[in-house]
Amino acid sequence: MKKLLICLLALLMLTGAAMAEVARKGDLISAGVEADFPGWQLVGESTYGSGRWEGEPAHHCEVFLMQVEGGFLRFRRLHVIMNPIEQGDPVPWEVTDYAPVPLTQEAEARLAAMKPADVLRGWKFLLREDALPGSAEFLLREGETLSELTGFADILVGLVKDGEGRMGLRIGHWDGTQYTRVTATAMSRYVGINEIHSHSTGLELYVDDDKQLWVFPSTEEPDAPWQVGIVFAHDEEYFDDGSYVIGTDFLCTYDTYAYRFFEDCQHNDGFRYGTPAFPVLLDGLDLSGVPANLAAATELLDATGYACTKADGVPLYDAPEGTVLGSAYARLVGRVVSEQDGWAELRIGDEVRGMTAFFRAEDLAFAGEVNQLLCGFPSFDTPEDWDAEQALPGVTEALAGDGLWGMQLIARAADGGWLVLVNEDFVIKGSEDGFIDVGAPWHEIYAQWEAEWAEEEEEW
């Protein structure tokens, strides 16, 4: 044990010495930065390790600069990987200019006379209270004052207050030469922003006492409108399963969302199908009105046009009274294509690569009932030397370069094997031996685990 402690102390000393050397190198590299960028003032610098550079740990240096000139407060970030740089070498800085803050004449004169530490809080582009008057007044409406202002590469984000103490969010969109528009929410009792977790493509917000929101552009198109994307529940009743993701035609639990996309999730219990019937676009949105948990949001979900199988073993057909394609599991969800004479045609997956099948209407749940059922898709393992193409012949071509992140065994094929929903987009025939140890649905497995944990706790 003593030898182990000595080794750990030695390792800590070596690590500390190495990091100190990295910091010293960062100091040397950034020492002449103001001379290299005339007219700019040094706000601060940072060194850290991340990733690899030519087979060794990469050491990074960041420098933050500020400038007051021409009616604007500007902020600039410099970045370089230090590994290949020797003393005296020119520094190949990667330069990022942040969205500038328009200033009144009075504000420009005042800020020009202030030290960077009195203008900005830390190294983030976050203005101190004394720097706010006369800054970014284009974000304000009549009767409003700026309570917080922070900047990123192509947006300027302000929190404003009105005469009654209510707060709102303002986002100024910078295209590199001018502000093209302002996204403005309605006023709420309280709005805050977590600058550490926020950036040009997403903001973490705190609203009132019960909500934490993640908002981001609705598409990747330039100047796309912003929307609420994730709601983190904070009330005790829903803390574990109340956080949810908002999609164009679904809601889903936040934890399930992560699991589905990164761990090949094999069920769909975390999804609520339908279009959110509450507003999600930020412009004019009352943030206080966003449902605080998944249960409340599901009540405002329009599931018109959806249907799913009500039980395990439901047959699916190629036509009314036609050939049986297989035996489906519960909560196989699809969009209703047509209904006639006690039959319903559902589209499963997308329009291009999905499939359509016919079901007896009595075997289906429609609209809001879809979101009240539990999924019967079985859990499964794959062979140790699992080969996707062997288990799912044709999947490589069907993926068209996309990654394989989700597989759901939605039905037993009538002629053997499986019908598999891949990436929620398309259905493909899976081989009999491509999936092994096929067992109970995940919610049943979780329930069993919880029961076992409860027994262990009682024993303790």
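The values are calculated or read from the model by the stated rules, or taken from the named source; none is laboratory data. Quick caveat: nothing in here was measured; it's all calculated off a predicted structure. Cβ coordinates were reconstructed from backbone atoms using ideal geometry, including for glycine residues, and neighbour counts include every protein chain displayed. Remember, those area values only see protein heavy atoms, side chains included, never the ligands or the DNA or RNA. Shrake-Rupley method; radii C 1.70, N 1.55, O 1.52, S 1.80 Å.
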Restricted to the stretch 102-132, and to residues that are more than 31 Å from the chain's Cα centre (by Cα) and open to solvent by less than 30 Å² (accessible area, probe 1.4 Å), which residue is farthest from L146 (Cα to Cα)?
-> P116
Checked the stretch 414-433 for anything modelled with pLDDT under 90, surrounded by 13 or more Cβ atoms within 10 Å (Cβ to Cβ) and either farther than 25 Å from F271 by Cβ or not polar (S, T, N, Q) (or both); matches are E424, D425
From the residues in the stretch 1-33 that are of a type outside the set (A, V, I, L, M) and open to solvent by less than 90 Å² (accessible area, probe 1.4 Å), which one is modelled with the lowest pLDDT?
-> C7
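Listed here are the residues, each with its yes/no results for (1) within 29 Å of the chain's Cα centre (by Cα); (2) in contact (Cβ under 8 Å) with a residue 40 or more places away in the chain; (3) farther than 30 Å from A109 by Cα.
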site	(1), (2), (3)
G32	no, no, no
D36	no, yes, no
W40	no, no, no
V43	no, yes, no
E56	no, no, yes
H59	yes, no, yes
M66	no, yes, no
V80	yes, yes, yes
P90	no, no, yes
So which residues in the stretch 281-290 are surrounded by 15 or more Cβ atoms within 10 Å (Cβ to Cβ) and either more than 18 Å from the chain's Cα centre (by Cα) or part of a helix (DSSP H, G or I) (or both), if there are any at all?
-> D283, L285, L287, S288
Say we look at the stretch 372-396 and pick out the residues that are closer than 23 Å to G439 by Cα and of a type in the set (S, T, N, Q); which of these is farthest from the chain's Cα centre (by Cα)?
-> Q390
Give the stretch 172-189 a look and list any residue that's more than 23 Å from G70 (Cβ to Cβ) and surrounded by 15 or more Cβ atoms within 10 Å (Cβ to Cβ), or say none.
-> T183, A184, T185, A186, M187, S188
Where residues in the stretch 336-355 are open to solvent by 50 Å² or more (accessible area, probe 1.4 Å) and not in a loop (DSSP other than H, G, I, E, B), which of them is nearest to N268 (Cα to Cα)?
-> R347
Taking the stretch 395-413 as the search range and keeping residues that are touching a residue at least 40 places away in the same chain (Cβ under 8 Å) and open to solvent by less than 20 Å² (accessible area, probe 1.4 Å), which one is farthest from D350 (Cα to Cα)?
-> A413
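Residue-wise test of (1) in contact with an Asp or Glu (Cβ under 9 Å, 6 or more places away or on another chain); (2) of a type outside the set (S, T, N, Q); (3) open to solvent by less than 10 Å² (accessible area, probe 1.4 Å).
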{"position": "Y273", "(1), (2), (3)": "yes, yes, no"}
{"position": "F278", "(1), (2), (3)": "no, yes, no"}
{"position": "A297", "(1), (2), (3)": "no, yes, yes"}
{"position": "D302", "(1), (2), (3)": "no, yes, no"}
Across the stretch 38-83, the tally of residues that are within 21 Å of V101 (Cβ to Cβ) and open to solvent by 50 Å² or more (accessible area, probe 1.4 Å) stands at 8
Pull up the stretch 84-101, narrow it to residues that are open to solvent by 20 Å² or more (accessible area, probe 1.4 Å) and in a strand (DSSP E or B), then point me to the one that is farthest from L28 (Cα to Cα).
-> D97
So how many residues does the stretch 356-394 have that are touching a strand residue (DSSP E or B) at 6+ places or on another chain (Cβ under 7 Å), in a helix (DSSP H, G or I) and surrounded by fewer than 20 Cβ atoms within 10 Å (Cβ to Cβ)?
-> 3
Test: residue in the stretch 377-389 that is more than 18 Å from G354 (Cα to Cα) and of a type in the set (A, V, I, L, M) = yes
Give the number of residues within the stretch 227-246 that are at pLDDT 95 or above and either among the polar types (S, T, N, Q) or within 18 Å of V160 (Cα to Cα) (or both).
-> 1
Inside the stretch 142-171, can you point out the residues that are of a type outside the set (V, I, T) and open to solvent by 60 Å² or more (accessible area, probe 1.4 Å)?
-> E142, D154, K161, G163, E164, R166
